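Here is the structure we will look at, set down as structure tokens.
The values are calculated or read from the model by the stated rules, or taken from the named source; none is laboratory data. Because the structure is a prediction, the values reported are computed rather than measured. Here Cβ is always computed from backbone atoms with ideal geometry, including for glycine, and neighbour counts include all displayed protein chains. Remember, those area values only see protein heavy atoms, side chains included, never the ligands or the DNA or RNA. Shrake-Rupley method; radii C 1.70, N 1.55, O 1.52, S 1.80 Å.
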Amino acid sequence: MASIRKEILINASLEQVWDALRDVGALHTRLVPGFVTDTSLEPGARIVTFGNGQVVRELIVDVCDVDHRVAWAITDEPFQLYSASAQVFDEGRSSCRFVWMADLLPNDLADYVAGMIEQGLCVIKATMEGSGAA
């Protein structure tokens, strides 16, 4: 099983970034505009359309206000297993650390997923730092 962990420091408050992350139906407008072009909700899940045209159904596993963490899973092909989370940590002085982790099978998708996560983190940083209140 491939395990990926990426993080980025964001010059925005934990509260601002968490408010955007926990809004699981608004990825395309509040957190990663352009990287995600549409998000629609259905009971217990969201349908995410990425800027590259890929569409995935993500089961929302947890949204934890205490830990500032959202967890989700993908059960569709090409994945045999995909479990991911994003969490925000306070770094003081109006900055925070955004950590995105994923465990997945098959292993040969790891480089692709890692690249997508890195792109997503860059968009999150630009969005949160450039938008003031998201």
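Here are a few things to note about the model shown:
- Leading residue at positive end of dipole, the stretch 1-117 (Cβ point charges), from M101, V56, I10: I10
- When you restrict to C-alpha pairs under 8 Å that are six or more residues apart and normalise by the size of the chain, the relative contact order lands at 33 percent.
- Modelled label positions at R93 and L105, each set 7 Å beyond Cα in the direction of Cβ, lie 4.5 nm from each other.
- Percentage relative contact order, the stretch 26-74, counting C-alpha pairs under 8 Å, at least six apart: 23 percent
- For the stretch 1-62, the spread of Cα positions along the three principal axes, ordered from largest to smallest, is 30, 30, 25 Å.
- Taking the protein heavy atoms of the chain in the context of the full set of protein chains, the accessible area attributed to carbon and sulfur is 52 percent at 1.4 Å.
- With protein chains left intact and a 1.4 Å probe, residues in the chain average 50 Å² of accessible area per residue.
- Helix 110-130 vs. the chain, principal-axis angle (Cα, 0 to 90°, nearest 10): 20 degrees
- For the stretch 32-134, a Kirkwood radius taken over Cα pairs fed into Stokes-Einstein (37 °C, viscosity 0.692 mPa s) yields D = 223 µm²/s.
- Dipole check for the stretch 1-130: with +1 at the C-beta of Lys and Arg, -1 at the C-beta of Asp and Glu, and the Cα centre as origin, the magnitude is about 220 Debye.
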